[in-house]
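Structure first, then comments.
Taken together, the values in this text are just the output of simple stated rules run on the coordinates, not laboratory data. Please read all numbers here as calculations on a predicted model, not as lab measurements. For neighbour counting, all protein chains shown are included, and Cβ atoms are generated from backbone atoms with ideal geometry for every residue, glycine included.
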Amino acid sequence: MTRNLSERILTSFFLLFILFTCIFINKYLFLALLIVSSFISFNEFNRLIKKSFKKEINFIATVKIFSALFFILFTYTSYEIYGRSPIVIIWIIAICIFSDTGGYTIGKLVGGKKLTKISPNKTIAGSVGSFIFSLIPLIFLYLTNEIYNDINLAQLVIVSLLLSLICQAGDLLISYFKRKAKVKDTGSILPGHGGLLDRIDGLIFVLPSAFLIDKIIF
């Protein structure tokens, strides 16, 4: 096992420990985690924008305003979902984790045609793996009996696949900015991973989307 892989695994367990501790202790600790995560990710994203569009000052200023509003939205919607049920927010986070895992695992095992030039390491097979793996957390949701009375399994499958799609799109969007800025990672705060935004790039789009899906559809 390489040093980088060891660091990635240890960092992942540490992040999960912090996340679940904050979720299960109380909502205010979880809110504090959201605020800190949003602040760090906002700064990492803005550094990416500055490197990507050095000469377009007005554009950078506009993106800063919209990204600030977006991370406020991310914090608010995540907190609202938590208020409905901590188990549901764990399910949503698990969709992102399993989607990323499926993409990496199947992509490495199968290989094949590249998905896009934005992120050369991503393949079509990996994307399919992301969709398939995103359904695994449904088992956890059923075991905990945290199912809305008016939602059937087919609806949950559709939501899982949709959130996996959004997770992958978010990952690709941040990858686009990293490629344009000619950097590998959004930061260096997490050993073996890079920046915090590298870890939650899909999640920051998935949680607000899950909130809107819940409000519009259910």
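Things worth noting here:
- Across segment 98-183, Cα-Cα distances exceeding 23 Å account for 31% of all pairs.
- Spin-label zone in segment 174-192 - amide nitrogen under 11 Å from a point set 7 Å from the Cα of R8 along the C-beta vector: 192
- Cα-Cα over 26 Å, subset of K178/K215; K108/K215; K51/K122; K27/K184; K117/K184; K54/K184: K178/K215; K108/K215; K27/K184
- Summarising the amide proton neighbourhood of T123: residues at separation of 5 or more, or on other chains, whose placed amide H is nearer than 5 Å comprise L115.
- The relative contact order of the chain comes to 26 percent, based on Cα pairs under 8 Å that sit 6 or more residues apart.
- A cut-off of 5 Å between modelled amide H atoms, ignoring neighbours fewer than 5 places along the same chain, links T186 with G195, D198.
- Gained length - Y104 relative to I132, 0.36 nm times residue gap less alpha-carbon distance: 8.9 nm
- For the chain, the equivalent ellipsoid derived from the alpha-carbon gyration tensor has semi-axes of 27, 22, 18 Å in decreasing order.
- Membrane-span-like helices in the chain, defined here as complete DSSP H runs extending at least 30 Å along the helix axis by their C-alpha atoms with mean Kyte-Doolittle hydropathy no lower than 1.6, are 86-110; this is a sequence and geometry rule, not a statement about a membrane.
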